[in-house]
Structure formats: structure tokens, C-alpha cells
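First up is the structure itself, then whatever we jot down about it.
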Amino acid sequence: MSDVPRFWRESNHRYRLVGTKCNNCGSTFFPPRDVCPKCRRESIGKMEELEFSGYGEVYSYTVVHDGLEPFKFQLPYILAMIKTDEGPLVTGQIVDADPSEVKIGSRVRVTLRRIREEGKTGIIQYGYKFILEK
Amino acid sequence: MRDVYIIGVGTTKFGELWDKSLRDLATEAGLKAITDAGIYSEDVNALYGANTSAGQFIDQEHIASLIADAAGLSELGIPSIRIEAGSASGGAALHEAYLAVASGKYDTVVVGGVEKMTDVPPEEANKIVGGSLDAEWETFFGVTEASLAAMIAKRLEYEGKMKREDYAHIPVVSHKHGSMNETSHFRNSIKLEDVLKASYVAQPLTIFDCAPLSDGASAIVISSNRQLINSSENPVKIVSSEISTDYLSLHDRTSIYSLNAFKRSSKKALESAKISKEKVDILELHDSYSIIGLLQLMELYGEKEAMNLVRNEELYWDKSRPTNTSGGLKAHGNPLGATGIYQAVEATLQLRGKAGQRQVKGAKYVLLHNMGGIGATSVSTVLGVE
Ligand SMILES: [Zn+2]
């Protein structure tokens, strides 16, 4: 499967943590949404892009030992749900850390990293990961 | 809406069935169901087939036509439709078939579910199972179903709502029941220490917290035809069937441990059945992961009561709240498309009084819950005998 257009389409959001804000109710979203699930039709034409600060704290985490095919060379890896300072939860890996250093509540910031290599095409895909704020 | 009854059930054994293809499995289950119903293929007006990912597991789409063909129905040319809703495909197919018969469009329908998962290596299978999650914002970053379940567990422990031993109890119960069911993927009993000490899938979850990858097929015959119902032994009524959905990604939900789709669908199913949850004699829950099984009990009974049920070991077939008497997804197996249909097979056996060793005495109502992914789709079904 060639994923070139598919991953290019999302690259801006994945590289810079760009979500959306509903200017009808003020809710912020990441990943970006075309429609606000609270305002629905009222939000049409009122959704605008919002770049997140990239800071947040660990809401929950795990160490993955049995993973998906494209990630098998990264095992075991730390995966976390990050409560961003803007509000929404974001799911991603925590890198450059030992699992024993990660706690619920630890401060983190976003970093751009290589996520995985696409099997047949060999294309390297990039996106956000998180590092601990020391 | 007309009354609809289950008049026949059939299932294959679940497990790693390397000598059987998808079409072998589907045909075996379907023919067992119509034989059990005492009917002929000519009596069947339509076929509803549940399958989650045959396109990825065995490079085969167009499953509806394939299973009608394999079951020898091609000359009859009856309608055959595939339903996909992730791992809730079985429950969703049952729901659609129920509506079709209740509405009067069809009198008698076969609903089958099938999945052939062990033809690909396990890491490939995990990726396909992850197809029920959000490909762009979860799995792209290395998320697996197990990792989401693990993060829910970690958060709940952090908030002091439960201990590791509480959810580790769920697979212990499922294995006990599975040991008494001859079609189970696993027939061994396990202890709490086995769950805690097994190798990690995603910390804190071990392989014993997670349902296996299984092959298997199950089928039921449902009907509103009075003659067929009266001539069948112990017909079981589909009392209600409700579906609800939630945000696809776990991180988008109002809370990562509120199974809102299950909350809504089970509430509606009990309301339309006009029974209280105390009237439910048996629960068949979607224990794809131990913690997810416990969350369902928390949604139904509240936090305190759910913990009491687990800590007082009340979930066994001979106790106050029999749960997953089949062996659940954990021990009976989880061939995605077949899973929700097998829940109805188990409930029918129980309500007929034909569940053998694991029979719950005098069971009148069973609540089934079949879930897609980690709760983005929930199908709640009430089956009963009056
Ligand atoms: Zn809004």
C-alpha cells in the first residue's frame, strides 16, 4: 500500500501539533475536526486551526511489549496519553526516557521524530513524540 | 414490530484451526444451525454475515456471496449481506437481521459470523485487529488495543478505583467457565498468580489479560414464522437489541474509562425489554481485555457493587451474577466476526437448559454485550424465555 498522499495530507498536524478551535463554543480539539461535536451544525464555518504549545503532562502510560508489525524493532516502547496544556488528550510515544522515570503527572513536551518506515515503499514517516521535561 | 425468536444455533470449535478455511468454518456453523432449527435451506429468506477483516486476514472480500455459495445456497439466489462493525460485527449483524425479520420483510434469516485469524503471523494479526481503532491518530503512533486497555487500567489504579488483582480476576472466571465448554479455544483453568506473572503484552497487562487470536464461526436461525417457531424445541425470544457509538479514538472521549456506548445501549436494551438489571440472570460481556470486562460491570452496577462482585467471587456460573458462562472472549476465543454471534449461541443453550456442566439454573434472561474496538461501538441484546 502506498501511503504517500495519505500521510502528506496529515503531515502539518503531525509535525506541529496543529488542532482546531470551535469559535462557536470555544472548545479546542486535537486531532483537528471539521465539525464541533458539541455544536454540530452551528460550528460550520467557525472551526479554525490552532497550533498547540506542545506542553502537557502524562495522563496515563504503558510499556508496549507486544506491538504492531511496523513497530517491532522499537519494542519495548513507552506509549502515553498526554493531557495537553490546552486541554485535549493526545496519544503518542515517550522517547529518550527509561520507563522508571515516567510517572502519571510528569511534565512533557513535544518533539518531531521518525515514527516508522512504511514496509514496501520504504518511506520514512515523521510525527510527534514526547520527551520528559527535566 | 413482530416478535422474533432464535430457533436454531450452531458453532464450530474456536481455536487455531489450521486445517479449516473460512468457508469450511462458515458452512459448518450455518448447517449446524439450520439442522438444529429443524428447517431446510428453502425456508431461509436471507443471510446476514458478520466478518471483520477477511480482506486483510485472507485477501478475501465479498464474504456475503462467498458464504452463501459455500453453504450451497447459490441456486436459491437469496439475499446475503455482510455487516462490519469491528469486533462488534456479530452483534451488529444480529441487530440488522432482527430488524429485517421484526419489520416483516423476511420471515426466517440465518445470521452467521466468521473469522479466520491464524493464517497470518501474530504481529500482522495484531495490526489487523488494530483496524478497529483510529488508524491516523492512534495506530499510526504505535497504539494497539492492548495498550489502550493498559492505559485505562493504569489510570484507574492511579486514581485508587481498583487494584491489579481486581481485574486479573476476570480471566480467571472466564477460564473456569471455558474449561466446562467443549467448543472453547482454551480449556484450562488458571489462577490469579498466573495472570500476574505471565509475560507482558502492555504493562500492566499480561497475555492472560488479553483474549486470544482465534479462528471460528457461529450461526443462529431467527424467525417470526409461527409454524417454524412452534415446531422448534425451546425457542428463545430476542427481547431487545440496541446499538450505540462513541468517539472512535479513546483520547477523544469524555473519560477514558467511561464506556458510554455500552452505558447507552444497555440502558436502552433493558428499557425496551421492560426488565430491570436485577432480572438479568446471565451476562455475556465483551472481555477482550480483563480491565474492559471489569469496566462493563462498573457501568452496569456502579463502582462499589462491581468491586464487591469481583472480590466476593460472585461471577461464577453457580453464584449470584453468572458472567461469561461460555468462557468469554478470553477462554472461549475471539474470532472477531463470530464473537457476537457465539454470545447468542451460549445464551440460547443456557435459556434452553442445555448448557451442561455450566448450566445456570432457571435462567430466564441473558444480557449480551458485543463491543467494537475499545468501545466505539456497543451492541446490547436481551434474550429471554417466558
Ligand atoms: Zn463548538
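The values are calculated or read from the model by the stated rules, or taken from the named source; none is laboratory data. Values in this document were obtained by computation on a predicted structure and should not be read as measured data. As a convention, Cβ positions derive from the backbone with ideal geometry for all residues, glycine included, and neighbour counts pool all protein chains shown. Areas reflect the complete protein model, heavy atoms only, side chains present, ligands, DNA and RNA absent. Shrake-Rupley method; radii C 1.70, N 1.55, O 1.52, S 1.80 Å.
Given the -39500 (n - 2.57) contribution per DSSP H run of 4+ residues, what per-residue ellipticity at 222 nm results for chain B, rounded to the nearest 500 deg cm²/dmol? Display every interim value, and only then the final one.
Values: 13 runs with 143 residues, N = 386.
Value at 222 nm, helices only, nearest 500: -11000 deg cm²/dmol.
Tell me the relative contact order for chain B as a rounded percent, counting alpha carbon contacts under 8 Å between residues six or more apart.
Numbers: 938 pairs, mean separation 103.0, N = 386.
After rounding, I find 27 percent.
For segment B:86-237, what does the alpha-carbon gyration tensor say about shape, rounded, prolate or oblate, given a ≥ b ≥ c as the root eigenvalues, a/c under 1.5 as rounded, and a/b over b/c as prolate? It would help to have the intermediate numbers written out before the result.
Values: a/c = 2.22, a/b = 1.71, b/c = 1.29.
Taking the square roots of the gyration eigenvalues as a ≥ b ≥ c, segment B:86-237 is prolate.
What residues in segment B:200-243 lose 10 Å² or more of accessible surface when the other protein chains are added to their chain alone (1.4 Å probe)?
Residues meeting the cut-off: B:200, B:201, B:202, B:203.
Angle check, please: helix A:4-16 long axis (alpha carbons) against the longest principal axis of chain A (alpha carbons), in degrees 0 to 90, nearest 10.
Once rounded, one gets 80 degrees.
Quote the FRET efficiency, to the nearest 0.05, computed for residue B:21 versus residue A:126 with a Förster distance R0 of 35 Å and r equal to the Cβ-Cβ distance. Intermediate results must be reported in sequence, preceding the final value.
Numbers: r = 41 Å, r/R0 = 1.16.
For residue B:21 and residue A:126, the calculated efficiency is 0.30.
Interface size between chain B and chain A, please: total buried accessible area, 1.4 Å probe, rounded to the nearest 100 Å².
Numbers: alone 15360 and 8500 Å², together 20570 Å².
Counting protein atoms only, the buried area is about 3300 Å².
On a 0 to 90° scale, report how tilted helix B:336-352 is relative to the longest principal axis of chain B, with both axes built from alpha carbons and the result rounded to the nearest 10.
In chain B, helix B:336-352 runs at an angle near 70 degrees to the longest axis.
Among B:267, B:32, B:304, which one shows the biggest mean-square fluctuation in a GNM of chain B, springs joining Cα atoms closer than 10 Å?
Residue with maximal mean-square fluctuation among B:267, B:32, B:304: B:304.
Label segment A:53-134 by shape, choosing from rounded, prolate and oblate, from the square roots a ≥ b ≥ c of the eigenvalues of the Cα gyration tensor; if a/c is under 1.5 it is rounded, and otherwise prolate applies when a/b is larger than b/c, oblate when it is not.
Details: a/c = 2.24, a/b = 1.54, b/c = 1.45.
It comes out prolate by the Cα gyration axes.
With a/c under 1.5 counting as rounded, go ahead and sort segment B:300-372 into rounded, prolate or oblate using the C-alpha gyration tensor (a ≥ b ≥ c being the square roots of the eigenvalues; past the cut-off, prolate if a/b is larger than b/c, else oblate). Walk me through the numbers on the way to the answer.
Working: a/c = 1.87, a/b = 1.21, b/c = 1.55.
Cα axes put segment B:300-372 in the oblate bin.
Where does helix B:164-178 land angle-wise versus the long Cα axis of chain B, in degrees 0 to 90, nearest 10?
Taking the Cα atoms of chain B, the angle to B:164-178 is about 30 degrees.
Using just the C-alpha positions of chain B as equal point scatterers, what log10 of I(q)/I(0) does the Debye formula give at each q in 0.07, 0.10, 0.12 1/Å?
Listed by q, the Debye log ratios stand at -0.27, -0.56, -0.82.
Past the 22 Å Cα-Cα mark, which pairs from A:83/B:161; A:83/B:263; B:105/B:354?
A:83/B:263; B:105/B:354
Would you be so kind as to list the residues of segment B:113-150 that have their accessible area lowered by at least 40 Å² in the full protein complex compared with their chain by itself (1.4 Å probe)?
Hits at the 40 Å² cut-off: B:123, B:126, B:127, B:136, B:137, B:140, B:141, B:142, B:144.
Please work out the average accessible area per residue across chain A, using the 1.4 Å probe convention, and give it in Å². Write out the running numbers ahead of the final one.
On the way: 6890 Å² over 134 residues.
I get 51 Å² per residue for chain A.
Cβ under 13 Å from residue A:73's Cβ, residue A:73 left aside: what net charge do those residues give with Lys, Arg +1 and Asp, Glu -1? Spell out each step's value before the answer.
On the way: positive: A:72, A:114, A:116; negative: A:69, A:117, B:123.
Net charge in that neighbourhood comes out at 0.
Note down the magnitude of the dipole of segment A:53-134 about its Cα centre, charges +1 on Lys and Arg C-beta and -1 on Asp and Glu C-beta and zero elsewhere, to the nearest 20 debye.
Roughly 120 debye for segment A:53-134.
Return the subset of A:129/B:176; B:127/B:274; B:32/B:330; A:103/B:127; B:163/B:330; B:32/B:364 for which the Cα-Cα distance in this structure is over 30 Å, preserving the input order. Write out the running numbers ahead of the final one.
Values: A:129/B:176 42 Å; B:127/B:274 41 Å; B:32/B:330 24 Å; A:103/B:127 28 Å; B:163/B:330 20 Å; B:32/B:364 24 Å.
Result: A:129/B:176; B:127/B:274 exceed 30 Å.
Within segment A:43-66, whose backbone N sits under 16 Å from a point 7 Å along Cα→Cβ of residue A:107?
A:53-59
Mind listing the Cα extents of segment A:7-83 along all three principal axes, in Å, largest one first?
For segment A:7-83, the Cα spread along each principal axis is 45, 28, 22 Å.
Tell me the carbon and sulfur percent of the accessible area for segment A:53-134, rounded to whole percent, probe radius 1.4 Å. Numbers along the way, then the final one.
Working: 1810 of 3650 Å².
So the carbon and sulfur contribution to the accessible surface is 49 percent.
So in the protein assembly as shown, which Cys have no other cysteine's beta-carbon sitting under 4.7 angstrom from theirs?
Isolated Cys, the protein assembly as shown: A:25, B:210.
How many percent of the accessible area of chain B is carbon or sulfur, using a 1.4 Å probe? Each step should come with its number before you reach the end.
Working: 6460 of 13680 Å².
Carbon-and-sulfur percentage of accessible area, whole number: 47.
What nm distance separates the two modelled labels at residue B:227 and residue B:191, each placed 7 Å from Cα along Cα→Cβ?
Each label point is offset 7 Å from its Cα along the Cβ direction, giving 5.9 nm.
How far, in nm, would the chain grow between residue B:161 and residue B:74 when pulled straight, counting 0.36 nm per residue and subtracting the alpha carbon separation? Don't jump to the answer; show the numbers that get you there.
On the way: separation 87, 0.36 × 87 = 31.32 nm, distance 5.46 nm.
Result for the pair: 25.9 nm of gain on full extension.
Tell me the per residue accessible area of chain B using a 1.4 Å probe; a whole number in Å² is fine.
Numbers: 13680 Å² over 386 residues.
Value returned for chain B: 35 Å² of accessible area per residue.
Write down the Å³ per residue value for the convex hull defined by the alpha carbon atoms of the protein assembly as shown.
Working: hull volume 77.9 nm³, N = 520.
Value for the protein assembly as shown: 150 Å³ per residue.
Just tell me which aspartates and glutamates come within less than 12 Å, Cα to Cα, of residue B:197; anything on the same chain fewer than 8 places away is out.
B:165, B:209
Of all GluC sites (Glu not before Pro) in segment B:1-88, which ones are in loop regions per DSSP and have a Cβ with at most 16 other Cβ atoms within 10 Å?
Numbers: sites: B:16, B:28, B:42, B:61, B:75, B:84; in loops: B:16, B:61, B:75, B:84.
Hits after loop and neighbour filter: B:16, B:61, B:75.
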